[in-house]
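One structure below.
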Amino acid sequence: MGGFKLTRRKFLTGACAGTSGLLLSGCDAFDDHLRVGNGLRSFLEGANDLTYRVQRLLARDALAPEFTEADIRQPMRPNGVTAPDDDSYKSLLANNFADWRLEVTGMVEKPLSLSLDQIRNMPSRTQITRHDCVEGWSVIAKWTGTPLSLVLDLAVVRPEARYVVFHCMDTIDRDQSGDVKYYGSIDLVDARHPQTILAYGLNGRPLPVENGAPLRARVERQLGYKMPKYLRRLELVSSFATIRGGRGGFWEDYGYDWYAGI
Ligand SMILES: Nc1nc2c(c(=O)[nH]1)N[C@H]1C(S)=C(S)[C@@H](COP(=O)(O)O)O[C@H]1N2
Ligand SMILES: [Mo]
């Protein structure tokens, strides 16, 4: 444990040495915050990834790179589940998602149930970004959707909420309790980040089934597995205790990092 702390301190000092004078003062403050007994320090030690700690303190609002139309050189590659064979999904699809609703539940003042039209009528954002999968491939594509922050504002998030959990419609696994549908989560900093959108459009067309129709998350500063497709419900929580294995996502419960910053 002592060794770990030393390594982390060294890393942070190194990270600060390479930055501008403006950020150096931030680094002084950072060191000060790391004194034993400081509340921030115990929070940091509870977080599960160094990138996460550094990003949250030094680059909360940094934007992921955006590209131009000319950079879109191939179709978006589908991955993971690409054709949910769940009956409930197939019947929603057969009706062009007219009966689909996005539920917003948990630690909110106003639980929501939004139709696709309601979501499409909200202000939108279009961004051309690079999707990086943990398997080692990347694709640049254009995504259109509603900023997640607007949906959270409509639902009025309670102060004790810390994470948004995404509940999906596709079965990714089966265990002793039955079908396991894909699930994942992000914190409220990423949830309110300007590039975090609930996307219904891909490369100028409606989002295809293989890429997550009718609605999928785009969380541009993290790897692909942090962007759940086939959304059906957003749940505001203060911990992952009630979310299956307790680590905040399907792949996380298999041992992947919860924070997959790029
Ligand atoms: N519901 C759901 N979301 C998911 C997955 C999945 O299997 N099911 N796979 C994840 C992974 S690993 C990646 S790389 C991206 C793939 O998105 P794409 O099909 O648009 O390429 O979706 C992510 N979100
Ligand atoms: Mo992935």
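The values are calculated or read from the model by the stated rules, or taken from the named source; none is laboratory data. This structure is a prediction, so every number in the text was calculated from the model and none was measured. Every residue, glycine among them, receives a Cβ derived from its backbone with ideal geometry; neighbour counts consider all protein chains shown.
Summed over region 234-260, the residues that are surrounded by fewer than 18 Cβ atoms within 10 Å (Cβ to Cβ) and either more than 16 Å from ligand 2 (Cβ to nearest atom) or part of a strand (DSSP E or B) (or both) give a count of 7. Could you tell me which residue of region 37-70 is modelled with the highest pLDDT, considering only residues that are among the charged types (D, E, K, R) and over 20 Å from Val219 (Cβ atoms)? Checked region 37-70; the qualifying residue modelled with the highest pLDDT is Glu69. For region 94-110, the condition holds for no residue, the condition being that it is more than 16 Å from ligand 2 (Cβ to nearest atom), part of a helix (DSSP H, G or I), within 24 Å of the chain's Cα centre (by Cα) and closer than 14 Å to Leu215 by Cα.
Taking the condition under 30 Å from Ala241 (Cβ atoms) and either exposed (fewer than 15 other Cβ atoms within 10 Å of the Cβ) or touching a residue at least 60 places away in the same chain (Cβ under 8 Å) (or both), does Ile197 pass? Write out each step before concluding.
Details: under 30 Å from Ala241 (Cβ atoms): yes; either exposed (fewer than 15 other Cβ atoms within 10 Å of the Cβ) or touching a residue at least 60 places away in the same chain (Cβ under 8 Å) (or both): yes.
The answer is yes for Ile197.
The set of residues from region 209-244 being within 10 Å of ligand 1 (Cβ to nearest atom), over 14 Å from the mean Cα position of the chain (by Cα) and free of Cβ contacts under 8 Å to residues at least 60 places away in the same chain comprises just one member, Gly212. Checked against (1) in a strand (DSSP E or B); (2) modelled with pLDDT under 95, Glu135 meets all criteria but (1).
Could you list, in sequence order, the residues of region 60-79 that are touching a strand residue (DSSP E or B) at 6+ places or on another chain (Cβ under 7 Å) and within 12 Å of ligand 1 (Cβ to nearest atom)? Within region 60-79, Gln74, Met76, Arg77 meet the criteria.
Looking only at region 98-127, residues that are within 16 Å of ligand 1 (Cβ to nearest atom) and either among the basic types (Lys, Arg) or surrounded by 18 or more Cβ atoms within 10 Å (Cβ to Cβ) (or both) come to 3 in all. Within region 128-175, being in contact with a Lys or Arg (Cβ under 9 Å, 6 or more places away or on another chain), of a type in the set (Phe, Trp, Tyr) and crowded, with 21+ Cβ neighbours inside 10 Å holds for Trp143, Phe166.
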